[in-house]
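The values are calculated or read from the model by the stated rules, or taken from the named source; none is laboratory data. Bear in mind the structure is a predicted one, so any value in this text is a computation, not a measurement. No Cβ is skipped: glycine too gets one built from the backbone with ideal geometry, and neighbour counts run over all protein chains shown. Just so you know, the surface numbers come from the protein's heavy atoms only, side chains and all, with ligands and any DNA or RNA stripped out. Shrake-Rupley method; radii C 1.70, N 1.55, O 1.52, S 1.80 Å.
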Amino acid sequence: MRRACMALGLVGACLLCGCAATMERYANPDALTMRSPVSNARSLDIPKRFFDDELPARFQHKGIGIINDQETFLRLWAAYNTTDTTALPPSIDFENFVVLFIYDPEYYNRIFIRGLNVWEGIANPIVERTNWKLSIGGDPKMREIREKQGLSVPEPKVNVGLLELLRNKPGRPGVTAVLVEGAEDPADSLVIPVPEAP
């Protein structure tokens with residue numbers, strides 16, 4: 001993950017302005033200010049309850065969003081790493097970065113973040129995913145059988161792609177928002193703004 005953010009940091013200087021573009025401007029291909037492959041992005045299985053119960057709704061929509069602070073990231077890491085309590089989470093500089101996450105909210109699919117396009121501060125991740133139709137909680141009938149037999153039932157999990165994004169700062173342009181949902185009219189597309197560093 002650190003290599004990925006270093007790569008983004010190097011190309012961050014290619015961004016043309018520090019303010020978020022209007023969505024009308026985003027529709028113009030000439031507004032593309034950065035196209036970057038990413039390396040060392042993570043893909044982890046995280047309990048779905050973290051996104052349903054612990055992450056504020058303003059930071060996510062339909063399986064894509066951001067983690068803005070260390071405390072929230074540590075809660076995600078604890079939800080992921082339930083077996084080895086001595087394993088340390090990756091070190092993330094939340095003063096200069098936010099963590100982008102992407103998962104399939106409907107089915108269990110492997111998610112890989114392969115690249116990033118940025119239009120004047122608005123990031124649009126390039127995502128590769130499997131096309132499985134696996135229930136997030138596993139086979140419902142098997143879950144029911146295990147429950148009736150008094151056996152443990154695995155917690156529903158999603159596979160989550162994670163990538164650090166460079167924050168926008170004066171004199172060092174970065175990401176100001178993440179594109180979440182394309183609409184027929186680009187002006188209606190939904191974005192999640194990147195808030196100020198905590």
Next on the checklist: What does the charge count around residue 56 come to, taking other residues whose C-beta lies under 14 Å from its C-beta (Lys +1, Arg +1, Asp -1, Glu -1)?
Outcome noted: -3
Checklist entry - Under a 5 Å amide H to amide H cut-off, with H placed in plane at 1.01 Å, what residues pair with residue 174 once short-range neighbours are removed? => result 168, 169
Next on the checklist: Net charge within 9 Å of residue 198 by Cβ-Cβ distance, Lys/Arg positive one each and Asp/Glu negative one each, not counting residue 198 itself?
Outcome noted: -4
Checklist entry - Given +1 on the Cβ of Lys and Arg, -1 on the Cβ of Asp and Glu, and no further charges, what dipole in debye does segment 92-197 carry about its Cα centre, rounded to the nearest 20? => result 540
Next on the checklist: Can you list residues from other chains, or at least 5 along the same chain, whose modelled amide H is less than 5 Å from the amide H of residue 126?
Outcome noted: 114, 115, 116, 117
Checklist outcome for this item: PRE zone check, label point 7 Å out along Cα-to-Cβ of residue 130, amide N under 17 Å, scope segment 43-77, hits 43-48
Item to check | In Hz, Karplus ³J(HN,Hα) per residue of segment 61-78 (6.51, -1.76, 1.60; θ = phi - 60°; x = Gly, Pro) | outcome: 7, 6, x, 9, x, 9, 10, 9, 8, 5, 4, 5, 5, 5, 5, 4, 5, 5
Checklist entry - How about segment 50-139: which chymotrypsin sites (Phe, Trp or Tyr not before Pro) there are in a DSSP loop, with at most 16 other Cβ atoms within 10 Å of their Cβ? => result 132
Item to check | Per residue accessible area in Å² of segment 32-143, where ligands, DNA and RNA are left out and the probe is 1.4 Å | outcome: 50
